[in-house]
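Notes follow once the structure below has been shown.
The values are calculated or read from the model by the stated rules, or taken from the named source; none is laboratory data. Since we're looking at a predicted model, the values are computed, not measured. Here the Cβ is made from the backbone with ideal geometry for all residues, glycine too, and neighbour counts use every protein chain on show. Areas reflect the complete protein model, heavy atoms only, side chains present, ligands, DNA and RNA absent. Shrake-Rupley method; radii C 1.70, N 1.55, O 1.52, S 1.80 Å.
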Amino acid sequence: MAYSLSEENYLKEIYHLSQDGARKISLTALSERLGIKAASAVDMIRKLSAKRFITYEKSKGVKLTTAGAKVALSIVRSHRLWEVFLLEKLKYSWDTVHGIAEQMEHIKDPELADRLDEFLGRPDYDPHGDPIPKSDGRMPRIPKTTLSDVAVGAACVVVGIKDTSPAYLQYLKKLGISIGTRIRVSERIEYDGSMVIEIGKGNRPNVSKQFAESVLVD
């Protein structure tokens, strides 16, 4: 069944909201995520429901059907593969690849993602540590522990970034943090949940609780 770029974006954001742990995806949450008015979301939900990509009940919220999940995963897969390509092959910085991949993810060619996957050596994760869905829908392990969960005195390795906004990624770069960086938590401030972390020798920045909650570690 044919579907538009706008419909793809809706399906993708419904998928992301479900992966973020939302028990109920309301029209309000969806419209806020997309930065649109609720009335626009109502119209699109009707279209997607008619095409059987989603189900919607006010009490249960929006849910992807099997067909809708398949479309959403294909877009997510394409997006994350393009991010790897842009970073590794074209040498874009990790704070710019997301925006470019947003445009490239909508290319409709049934073989492109598979060929790109093979060309890149079948990576499991994108530059921000997000898992790349396989062609059959299987998903690599999704890390769930955040830096804010790490005990004082313990060490960890950065495996993913939840906040992929350019400002946040640029701040990580300024601190010397990327995927694979080893971090030790040396102090936690009880007052506001901020912490002092150690990154290499002599680099001991104080970071906020909000910052630490966006860094996934193993």
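Summary table
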{"quantity": "Qualifying residue in segment 155-168 (condition: aromatic (F, W, Y) and either open to solvent by less than 20 Å² (accessible area, probe 1.4 Å) or in contact with a Pro (Cβ under 8 Å, 6 or more places away or on another chain) (or both))", "calculated": "no"}
{"quantity": "Residue list for segment 102-151, restricted to those being in contact with a Cys (Cβ under 9 Å, 6 or more places away or on another chain) and not in a helix (DSSP H, G or I)", "calculated": "T145, V150"}
{"quantity": "Meets criteria (at pLDDT below 95 and either aromatic (F, W, Y) or assigned to a helix (DSSP H, G or I) (or both)) for K173", "calculated": "yes"}
{"quantity": "Whichever residue in segment 28-42 is farther than 26 Å from K144 by Cα and either touching a Phe, Trp or Tyr at 6+ places or on another chain (Cβ under 8 Å) or aliphatic (A, V, I, L, M) (or both) and, among such residues, is least open to solvent (accessible area, probe 1.4 Å)", "calculated": "A41"}
{"quantity": "All positions within segment 131-148 that are among the charged types (D, E, K, R) and either under 18 Å from V71 (Cα atoms) or without any contact (Cβ under 8 Å) to a residue 24 or more places away in the chain (or both)", "calculated": "K134, D136, R138, R141"}
{"quantity": "Total residues in segment 92-101, condition in a loop (DSSP other than H, G, I, E, B) and either farther than 21 Å from S165 by Cβ or touching a residue at least 40 places away in the same chain (Cβ under 8 Å) (or both)", "calculated": "4"}
{"quantity": "Residue count, segment 43-68 (criterion: under 18 Å from S6 (Cα atoms), part of a loop (DSSP other than H, G, I, E, B) and open to solvent by 100 Å² or more (accessible area, probe 1.4 Å))", "calculated": "1"}
